[in-house]
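Down below is the structure, laid out as structure tokens.
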Amino acid sequence: MQESEDKKMYFYFDESGSPTILGHHGKNLLEKGLASKTFAVGYIQTENPHEIFVNIEKLRNEIIQDEYFKEVPSIKNLKNGFHANKDCHEVREKVFKLLKKSDFEAYVIIARKSETVFRKKFNMSDKKLYKFLVAELLKNRVHLYKNIDIYFSEMGNTISAQNMREALNDAINKFHYKWGKENTNNIRIFLQQPSHLPLLQVADYILWATFQVFEHNEFRYFNYLKEKIKLVHDIFDVDNNQFYGAYYNSSNPLEPKKLSPISG
């Protein structure tokens, strides 16, 4: 077990896809192809958020003022920051190139959506699903640094300070159960709008790139930033491991041939 480092670390969480499976009258949207096949949660971590903040804001202002982008409809959305799903291809390219040079690491967990699993394990509750994924992602990470500030991207009623505090406590308890060690680190939780915090926009781009892999088998964006993405946990990939799913990291890189089929 790695001991805590005496340093301050910043975590920035976001998600991609939707946890929704059922629509009106209980219609399974997944089976109808009307909902994403997966739901992803992840975060970036960095010791120096200010540098990334400055660079992201500098790029955003340059693009807004660039005459080349003047007639692009989506540029008006940049007043609220970058968003990978909405940004045009030229903007997306500039952001990805900036991120490749930036100092951060990313960790992602993927939930393959199944009505049977979600009903049995989470009672179809988005809040319970999100809390579970956050706890699984953090359980081997929050003991690593003496001081951690965790920022979550607000998401309706699914993310609240109480729910995320419970997720953190679950992560700490899981770590204690495994190692028998108390976590005495100073960990603070904050909720923010992505438009107010550019580091959440970075997390959005990482989640979007990973989401393309599992939704569309598109590896281009993920591979471009794969040195930054230290972990992808495909937690409900029972074909690879019925108990823990599949873990992809530097020792076991995420590649097309390794992914089991995703229903939906």
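Coordinate-derived values only; no laboratory data. Model, not experiment: these values are computed from the prediction. In this analysis, Cβ positions are derived from the backbone assuming ideal geometry, glycine residues included, and neighbour counts consider all displayed protein chains.
What to note about this one:
- Paramagnetic label zone (point 7 Å from Cα along Cα-to-C-beta, M124; backbone N under 14 Å) in region 7-28: 20-28
- Listed by number, the DSSP H helices of the chain that run 20 Å or longer by alpha-carbon position along their axis and have mean Kyte hydropathy of at least 0.5 are 198-216.
- When each of the peptides 242-248, 109-115 is scored by how many other beta carbons lie within 10 Å of its residues on average, the order from highest to lowest is 109-115, 242-248.
- Set K76/K113; K70/K127; K131/K226; K76/K258 screened for pairs whose C-alpha atoms are more than 30 Å apart: K76/K113; K70/K127; K76/K258
- Cα gyration tensor shape for region 159-259, rounded if a/c is under 1.5, else prolate or oblate: oblate
- Karplus (6.51, -1.76, 1.60) ³J(HN,Hα), θ = phi - 60°, over region 13-26, in Hz, Gly and Pro reported as x: 9, 8, 9, 9, x, 10, x, 5, 10, 9, x, 4, 6, x
- Segment N169-H216, extension gain: residue separation times 0.36 nm, minus the distance between their alpha carbons: 13.5 nm
- For region 107-113, backbone phi angles converted through the Karplus equation (6.51, -1.76, 1.60; θ = phi - 60°) give residue-by-residue couplings of 9, 9, 10, 10, 10, 5, 8 Hz, Gly and Pro being listed as x.
- Global form of region 92-208, assessed from the alpha-carbon gyration tensor, a/c cut-off 1.5: oblate
- Subtracting the Cα-Cα distance of C88 and N55 from 0.36 nm times their residue separation leaves 10.0 nm of extension gain.
- Under the combined filter of DSSP loop state and at most 14 neighbouring Cβ atoms within 10 Å, region 1-67 retains these trypsin sites (Lys or Arg not before Pro): K27, K32.
- Potential extension, E227-E47 segment - 0.36 nm per residue separation minus Cα distance: 63.1 nm
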